[in-house]
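Just below is one structure, and these are the notes that go with it.
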Amino acid sequence: MEIYHGLDEVPRDGIGTVITLGNFDGVHRGHQTVLRAVAAEAKANSLRSVAMTFDPHPRTIHQPQTPTQMITSIRQKSQLIAETGIDALFIQPYDLDFAAQTPEEFVSRYFVDGLDCRCVVVGDDVRFGHDNAGTIDTLRRLGEVYGFTTVTIDEVGRGGRFSSSRIRDQIIAGDVAEAADQLGRYHRVEGTVVHGDARGRDLGFPTANLSADGEGLIPADGVYAGWASFSGEDHPFPAAISVGTNPTFNGCDRRVEAYVLDKEFGEFDVYDRHMVLEFVARIRGQVAFTGLDALIAQMHEDIADVREVLHT
């Protein structure tokens, strides 16, 4: 998949496009349905499929006092969109000048002049242009003016359409199992493995600590059953994943760490490797224990619960 960061990067090769646009945070099952429809429409008509997205999220610009916590980083989002068969991703820098365009200015500059659009595929709740004044009716009217067709995709969902906002709330609340159903995959957090306090190793449960600049929305504090993948390994490993501040040890910094089941620390050195953590289900919330014996006993129970969830 090609990635464009501006109109000057779009190839001028005479190949028209089929376009969709949106924030696509999380690239959930509803997004996937639209993106695959775009890819199929383009392939059937020998056109280029293009997904247009925005960075940063528009709400971060319009409501800077309450910035949106993103489910996926722009890199993660790009990878997930590529998996749907889209030919190119257009990442539009979002600022107030861009937001000030009228719906027609936006369509004329980007869809028509910039991307040689032949067809737009969107949900019927699409909004675009200054103050979100553009609607599906606006898009259809502009299509008649500029010579492109507009295709709408029915809402997709179970008990209501799939929603990035709802998924975001589920992850923040720790309901990663329900989020996975909406996403069509397990929610991922990833980054480099860094050195921690080595307390887990001293307790007999060595953990791989995620770097503070990891990608992906971190779920609520607690212990989770999940899968851990590492660069250089050919398959994921079952893991008990801990999120929190280690209150038993009066910790302050929020951390994400994974205990890989059935692996000894000496035989499995993963420092400085890239780690991907997939959250399957929440086992329990964060607890401050009164002593190490109680903590160790609970950790054994957690691992048993993780095995039951993962069927390992």
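The values are calculated or read from the model by the stated rules, or taken from the named source; none is laboratory data. Quick caveat, the model's predicted, so the values are computed rather than measured. Using ideal geometry, Cβ is built from the backbone for each residue, glycine included, and neighbour counts are taken over all protein chains shown. What goes into the accessible areas is simple: the full protein's heavy atoms, side chains included, and nothing from ligands, DNA or RNA. Shrake-Rupley method; radii C 1.70, N 1.55, O 1.52, S 1.80 Å.
The residues packed around ASP113, meaning those with a beta-carbon under 13 Å from its beta-carbon, carry a net charge of -2 if Lys and Arg are +1 and Asp and Glu are -1. Seen against the Cα atoms of the chain and their longest principal axis, helix 136-146 is set at about 50 degrees. Using a basic spin-label model with each label point 7 Å from the Cα along Cα→Cβ, how many nm lie between ALA304 and ARG36? Inter-label distance under the simple model: 4.1 nm. Computed with a 1.4 Å probe on the full set of protein chains, the accessible area for SER231 sits at about 60 Å². Residue ranking by accessible heavy-atom surface, 1.4 Å probe, largest first, among ASP113, ASP181 comes out as ASP113, ASP181. Taking all protein chains together and rolling a 1.4 Å probe, PHE54 ends up with roughly 30 Å² accessible. Every helix of 4 or more DSSP H residues in the chain counts as -39500 (n - 2.57), and over all residues that averages to -8000 deg cm²/dmol at 222 nm. Electrostatic bookkeeping for ASP13 treats Lys and Arg as +1 and Asp and Glu as -1; over the other residues with beta carbon under 11 Å from its beta carbon, the sum is +1. The heavy atoms of ILE74 present about 60 square angstrom of accessible area, all protein chains included, probe 1.4 Å. Length available on full extension from THR60 to ARG75: 0.36 nm per residue minus the Cα-Cα distance, which gives 3.6 nm.
Angle of helix 29-44 to the longest C-alpha principal axis of the chain, folded into 0 to 90 degrees and rounded to 10: 40°. With R₀ set to 45 Å, the beta-carbon distance separating ILE136 from ALA297 gives a calculated FRET efficiency near 0.20. Heavy-atom accessible area with a 1.4 Å probe sorts VAL27, VAL309, largest first, into VAL309, VAL27.
Extending 7 Å from the Cα toward the beta-carbon at both HIS195 and TYR146 defines two label points whose distance is 5.6 nm.
Within the shell of other residues whose beta carbon sits under 12 angstrom from the beta carbon of THR192, the net charge comes to -3, with Lys and Arg scored +1 and Asp and Glu -1.
Taking the mean number of other Cβ atoms within 10 Å as a proxy for protection, how do you rank 36-42, 281-287, 116-122, 239-245 from highest to lowest?
Numbers: 36-42: 19.9, 281-287: 16.9, 116-122: 21.9, 239-245: 23.6.
Answer by packing, highest mean first, reads 239-245, 116-122, 36-42, 281-287.
Each of THR60, THR20, GLY285 was scored by the projection of its Cα onto the charge dipole of the chain, and the greatest displacement toward the positive side belongs to THR20; charges sit on the C-beta of Lys, Arg, Asp and Glu.
Taking the centroid of alpha carbons for each part, the stretch 82-147 and the stretch 276-297 are 47 Å apart.
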